[in-house]
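No value in this document is a laboratory result; all are computed from the given coordinates. In this text, all values refer to a predicted model and were calculated from it rather than measured experimentally. As a convention, Cβ positions derive from the backbone with ideal geometry for all residues, glycine included, and neighbour counts pool all protein chains shown.
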Amino acid sequence: MCRLVLFAGTCTRCNESLTWADLSQQLSCLEAKNADKFGSCRRGVDVETHAFDQECDACAGEDEGVAGMDFGEQDFQQYHHQYQQYQQYQHPSSAAYTAGSSSSASIPQPGSSKRGRDEGEGRKKKKART
């Protein structure tokens, strides 16, 4: 005899009667396995129903939603605006400087170093002591 194990109950929020297909199992007997079809045995199917109350998918989905929540976005926008005003107050010409700056900053020419040494100058090699 094959067994069909069902989990049935009601939603804890909306009281709708449901069968939980994800938890249900079809257990075939040897005769049905040989015939490759559940319930194709002489003795049929024994149905076991277990009580299982849980929220349905629709009710559970309502709890997971975050629509309408800004998670502090308004505070972020306010502080960001204040910070920009503060920067403009501290450095009023920085906007003009950054917009007008180009690659005209002092770039060392080839052959020159930071300390102004010639090519031949530099550290002298130490002689090995014997």
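So the values come out like this:
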quantity	calculated
Note, ³J(HN,Hα) from phi for the range 44-56, Karplus 6.51, -1.76, 1.60, rounded to Hz, x at Gly and Pro	x, 10, 9, 9, 10, 10, 10, 6, 8, 9, 7, 5, 6
Rough spin-label spacing in nm, given labels placed 7 Å along Cα→Cβ, for Val47 and Glu16	2.1
Dipole moment magnitude, nearest 20 debye, the range 2-64 about Cα centre, only Lys, Arg, Asp, Glu C-beta charged	680
Point-to-point label distance, Phe38-Tyr86, nm (Cα→Cβ direction, 7 Å offset)	6.4
Within the range 2-64, percent of DSSP bridges classed antiparallel, to nearest 5	45
Charge-dipole axis of the range 2-64 as Lys and Arg at +1 and Asp and Glu at -1 on Cβ define it, positive-most pick from Cys29, Val5, Phe52	Cys29
